[in-house]
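This report concerns only the one structure given below.
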Amino acid sequence: MAITIRDIDNHQLMLSQLKELTELPTMSKSLIQGGYLALQYHQLYQQQQEENQQLRAELETLRAKVDGFVDAFEALKRR
């Protein structure tokens, strides 16, 4: 499989950084590895996003419980 990159001068900085990041000797290998890394980090991002949503829901539940406790405690203090 051959890959053609047009206007390579416009992408030279990114390509150099990608090659440095992947520590691979050729640009083709670096591009392929960069693609796999992008997929891996996107999957990790999605997992973190789901975990974040679960933790936010748990936090909201706990806040509601604390608010209920504080309200009940305040009501008892007024008696």
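The values are calculated or read from the model by the stated rules, or taken from the named source; none is laboratory data. These figures come from a predicted structure and were not determined experimentally. Note: ideal-geometry Cβ built from the backbone for every residue, glycine included; neighbour counts use all protein chains shown.
For the reader, a short list of remarks on this structure follows.
- Only a single criterion out of (1) more than 25 Å from the chain's Cα centre (by Cα); (2) within 30 Å of Thr4 (Cα to Cα) is not satisfied by Gly68, namely (2).
- Residue in region 29-50 that is touching a residue at least 24 places away in the same chain (Cβ under 8 Å), surrounded by 10 or more Cβ atoms within 10 Å (Cβ to Cβ) and of a type outside the set (Lys, Arg) present: yes
- Screening Val70 with (1) aliphatic (A, V, I, L, M); (2) modelled with pLDDT of 95 or more; (3) assigned to a loop (DSSP other than H, G, I, E, B) gives one miss only, at (3).
- Test: residue in region 25-40 that is under 23 Å from Ile3 (Cα atoms) and aromatic (Phe, Trp, Tyr): yes
- Residue match in region 14-23 (condition: surrounded by fewer than 10 Cβ atoms within 10 Å (Cβ to Cβ) and without any contact (Cβ under 8 Å) to a residue 40 or more places away in the chain): yes
- Top-ranked residue in region 1-28 [being outside any helix (DSSP H, G or I) and within 22 Å of Gln40 (Cβ to Cβ); ranked as modelled with the lowest pLDDT]: Met1
- Condition broken by Ala75, with the remaining ones in (1) surrounded by fewer than 10 Cβ atoms within 10 Å (Cβ to Cβ); (2) touching a residue at least 12 places away in the same chain (Cβ under 8 Å) satisfied: (2)
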